[in-house]
Structure formats: C-alpha cells, structure tokens
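The values are calculated or read from the model by the stated rules, or taken from the named source; none is laboratory data. Just so it is clear, the structure is predicted and the values come from calculations on it, not from any experiment. Here the Cβ is made from the backbone with ideal geometry for all residues, glycine too, and neighbour counts use every protein chain on show. All accessible areas refer to the heavy atoms of the entire protein, side chains included, with ligands and DNA or RNA removed. Shrake-Rupley method; radii C 1.70, N 1.55, O 1.52, S 1.80 Å.
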Amino acid sequence: MPMPMPVPAPMPVAVLVRDGVLPMELGLVHQLFGTARDPSTGERLYKVTTCAPRPGRIRTDADFPVYAEHGLETVAAAHTVLVPASHELDEQLEPGGLEEELAAALTAARDRGRVVSICTGSFVLAAAGLLDGRRATTHWMSSAHFARTFPSVTVDADVLYVDEGRVLTSAGEAAGIDLCLHMIREDHGAAVAAELARRTVVPPHREGGQAQYIQRPVPLEETGGSTSTSRSREWALGRLADPLTLAQLAARDAMSIRTYNRRFREETGVTPMTWLNRQRVDRARELLEQTDHTVDRVAAETGFGSGTSLRQHFQAVLGVSPGAYRATFRGR
C-alpha cells in the first residue's frame, strides 16, 4: 500500500499584545488565521498563539484584561508575528525607543519570516527600525505624526495595507482584516481566503483604500499675514461649481501666478489646482452621502462639469467610483 502523504504542520503565528491593546484587533487575527483550514483535509493551516513582552495580565482599551501566558519565546518560534495597536503606547514611540529585547526579537522574526502591524502597531515596527527605507501605512489619523516621527519611512496614508515582503503594515482596525486575508491568500490561494471571508461575512477584497474614510485629505492651513493664500482658498471654497482659473486665484491674493504657486505649495504641500480638485471631491462626497442627486448633477455642482470628469477625479483621489462610495457610506 502507498504510504499516506504527511500532513504539513500548521504555520505558527504569534500575536504580540501590549498594555492598551485593542481587543478587536487581537480577535480578528484569531478569527481569520485561527479558523483557516485546508479545503481537502480540513486541517488547521495556522497555529495562533498570543504572547507579550512579559507574560501575564495585559490591560486592553476596554473594561476587561487579557492574559498572555507566553513571552517573547513565542515570537522566536513563529513564522508570522502580528503586532496589534495600543494607542496609549504607540504614538509615544520614537526611533530606537523600543525595548532592546523586543526590538531584537522583532528583527529576528523579520529575518526568519514576516512581521506585521495592524493600525498604529506600525509605530512599534518603525521604532525597531524595521520600516527604515520602506513604504508603510498606519491609521490615517496618526499618519502625519508617524511621518514626522519616522522620516526614514515613506508613509502612504491612502491605502488599506502595504506588503513589503517580510514587513507588512495595515491601516485602521478593519484594514487588519484586509491584510490578514491578503496574507492567507498569498500563503494558500484565493479559494481559501474567499471561503474564510464568506464565513466571516466580510468582502474578500475591498475597493479603494482608506483615503475614502478621511474627511479632508489635504487640510486647510491658515497661516495668516499679507503673503498667505488663505483668502483665495476661502473664496474658492464658496465657488467650487464655477470654472476657476489659476489667474483668478492669484489675483484674489494680489500675487503673480509664479509667486502664488510657490506660496501655495509652501502652505498646503500641493499645487493650487490639485488642492482645488480635492476640495471639489470633498464636496462631491458630501452630496453623494446627503442627497439623491445624480452623478451628473453632483458633477455640475462641484465644478467637474460632467459625470465622466467627476468619476475620473473621484477614482484618482479616493480609489473608488462615486457609485461605490455612495453605496458604502449611504447604503444601496
């Protein structure tokens, strides 16, 4: 008789928790990796273990603690290490500010397998030096602080997750689901990930990135003074439906076009026309959420002129169509 094929051992996954951990993020890792099974044998594909820098009682950001029985020896034995967010600790971290033993454990885990962050868990990876020279993401509300604190990291605040091979980062809590499904899909194929998504009642893949959840992608910065462009920006916000030109904007602040362009970039980080189009997209978002206007009417009221132009700009800024955005934020 032929010898039966050996069943591969489940891939070891460590979830590294710290005081203030978000229970949702801890739970989603166990729900997805912990229930993934081989479609032929029904065997578990991963073995998920919760650990902490020091075993014991760990506070969460809710009204209950969790108990981590295992320490960093679990990180040393894992193929994949996931770091959920702890908002009370993460944004206090700086380059090189992680405990030496923890930083060394995460670096060794990166060299051996892969290290993953959910939400502001990215601050932990950055503090350990694992994101230097790499592209990464984090929750959009923390992205500006992250970029200032870790200038050696290229921050992309518009995406749900970033896969840099051995180091992966995701945006806010729910984006951790997207990243986990992505890793499972990479490990075991689309069918396993899709079946897991069905059982969890989440989409196997979401359209767009987290840009669609940001209230104002490029915030207004009022610098004041006679050389500020704030007056023209305020004027433009009241006339988004009009076909505004660069010359009109510069004239409102009594500047030459060249000076206006330079000053505008200094104050907002983008060109006047890029800023204007993003404000128009913001206004279109409000109309899609709050009215029953057709796409063509929304386009007319926001200065895009046609539904085609609105769709192009909407897709470029948010990564989704106006129809998909309305379905997500207003209901079908």
Practice problem: Filter region 130-147 down to the residues that are among the small types (G, A, S) and more than 21 Å from E100 (Cα to Cα), then identify the one that is surrounded by the most Cβ atoms within 10 Å (Cβ to Cβ). | Solution: A136
Exercise. Check A211, A191 and return the single one that is at pLDDT below 65 and either of a type in the set (A, V, I, L, M, F, W, C) or loosely packed, with under 13 Cβ neighbours inside 10 Å (or both).
Key: A211
Quiz item: When only residues in region 167-181 that are part of a helix (DSSP H, G or I) and open to solvent by less than 10 Å² (accessible area, probe 1.4 Å) count, which is farthest from L22 (Cα to Cα)?
Solution: L181
Quiz prompt | Hits in region 282-299 - residues which are buried (at least 20 other Cβ atoms within 10 Å of the Cβ) and either aromatic (F, W, Y) or at pLDDT 85 or above (or both) | solution = A284, L288, V295, V298, A299
Practice problem: Give the residues of region 273-312 that are in contact with a Lys or Arg (Cβ under 7 Å, 6 or more places away or on another chain), in a helix (DSSP H, G or I) and either without any contact (Cβ under 8 Å) to a residue 12 or more places away in the chain or under 27 Å from N261 (Cβ atoms) (or both), sorted by residue number. | Solution: D282
